[in-house]
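Report on one structure; see the data block that follows.
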């Protein structure tokens with residue numbers, strides 16, 4: 001067996017660098033995305049039945065009809081949303097011009113890393129195949145069939161061997177981390193190798209090009225900065241010394257140089273780190289949720305705030321770049337954010353999460 005993913009190329013006859021047709025279609029599709037007030041209304045529904053009824057009046061109806069044959073639970077709604085996302089991305093890549101398809105494909109590579117990590121963590125935690133599959137989003141280069149093949153492997157080592165047999169680009173990183181995993185049973189080194197592989201490969205693919213490549217490079221850099229920032233907080237929580245922290249640094253960020261990272265990683269607690277980030281783009285973002293962090297003592301509070309920042313940043317690019325890759329990137333991010341919000345709402349309603357708490361989990365732009 002080998003990966004089924006085909007190169008992402010536009011329809012024949014579409015110019016490689018002409019964005020007029022691509023962006024005109026995407027502006028129309030973006031206008032049909034659900035508005036903020038409607039998502040907030042969905043979060044107020046008392047039960048899943050009402051949410052399904054409302055979604056049946058939207059473009060999600062065909063996917064819901066297919067998924068709900070198997071039941072009317074949050075899991076089936078989530079599956080319908082996932083199907084819709086994959087189908088929509090496939091449609092968009094079909095009419096994108098070649099340059100946009102290549103650039104967006106590089107940026108979406110982060111989801112290949114996310115999906116591989118999800119499979120590895122699931123296997124290490126002995127989750128069922130269905131439980132692992134529920135957390136996957138096949139919007140990168142790895143198709144649903146590829147991910148299904150990885151999920152069917154019996155353990156972490158078999159996943160690595162399969163990736164190697166298929167010749168996946170991530171295979172060397174997986175093999176690099178496998179030795180340490182077999183010694184310790186911890187996935188941290190393998191995940192670090194995957195993150196470093198993606199950052200270095202994506203930076204190389206976007207390094208030389210026009211302003212569209214430069215825009216994508218900024219997005220990539222912010223993503224790397226966020227990963228490094230979250231690692232700084234984890235290092236502080238784990239009381240690692242600065243020399244140990246350096247091995248977790250990912251190159252390729254925009255604001256967080258290796259020197260800045262080292263200084264932050266040498267600080268003793270979260271308050272000092274927040275002080276050290278004043279004056280940076282991330283300072284106000286994290287200060288805004290500092291109180292929530294103190295209440296929860298969870299780094300996930302910072303992670304969500306930074307993901308919110310990145311989402312808003314990318315979506316805003318669609319308004320400043322009408323004739324470039326900004327609109328394709330903004331649409332793909334907006335669609336993914338909509339589906340993520342809807343999955344959170346469906347699961348929250350099913351679990352009886354209070355409305356106000358549920359709304360706080362959403363990224364509404």
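Looking for something at pLDDT 90 or above, in contact with a helix residue (DSSP H, G or I) (Cβ under 8 Å, 6 or more places away or on another chain) and closer than 25 Å to residue 217 by Cα - is there at least one such residue anywhere in segment 349-357? So far as segment 349-357 goes, no, none of its residues is at pLDDT 90 or above, in contact with a helix residue (DSSP H, G or I) (Cβ under 8 Å, 6 or more places away or on another chain) and closer than 25 Å to residue 217 by Cα. Against the conditions (1) touching a helix residue (DSSP H, G or I) at 6+ places or on another chain (Cβ under 7 Å); (2) surrounded by 20 or more Cβ atoms within 10 Å (Cβ to Cβ); (3) assigned to a loop (DSSP other than H, G, I, E, B), residue 168 satisfies every one except (1).
Exactly one residue among 135, 98, 71 is surrounded by fewer than 20 Cβ atoms within 10 Å (Cβ to Cβ) and under 19 Å from the mean Cα position of the chain (by Cα), and that residue is 135.
On the given criteria, is residue 82 in contact with a helix residue (DSSP H, G or I) (Cβ under 8 Å, 6 or more places away or on another chain) and exposed (fewer than 14 other Cβ atoms within 10 Å of the Cβ)? Walk me through it before giving the result.
Working: in contact with a helix residue (DSSP H, G or I) (Cβ under 8 Å, 6 or more places away or on another chain): yes; exposed (fewer than 14 other Cβ atoms within 10 Å of the Cβ): no.
No: the conditions fail for residue 82.
Checking each residue of segment 297-320 against the condition of being over 22 Å from residue 110 (Cα atoms) and either touching a strand residue (DSSP E or B) at 6+ places or on another chain (Cβ under 6 Å) or surrounded by 19 or more Cβ atoms within 10 Å (Cβ to Cβ) (or both) gives no match.
Selection of segment 23-50 for residues being surrounded by 15 or more Cβ atoms within 10 Å (Cβ to Cβ) and either over 29 Å from residue 93 (Cβ atoms) or not assigned by TED's automatic domain parsing to the domain that holds residue 345 (or both) yields 40, 43, 45, 48.
The values are calculated or read from the model by the stated rules, or taken from the named source; none is laboratory data. Bear in mind that the values here come from a model prediction, so they are computed numbers and not experimental data. Glycine also receives a Cβ, built like all others from the backbone with ideal geometry; neighbour counts cover every protein chain displayed.
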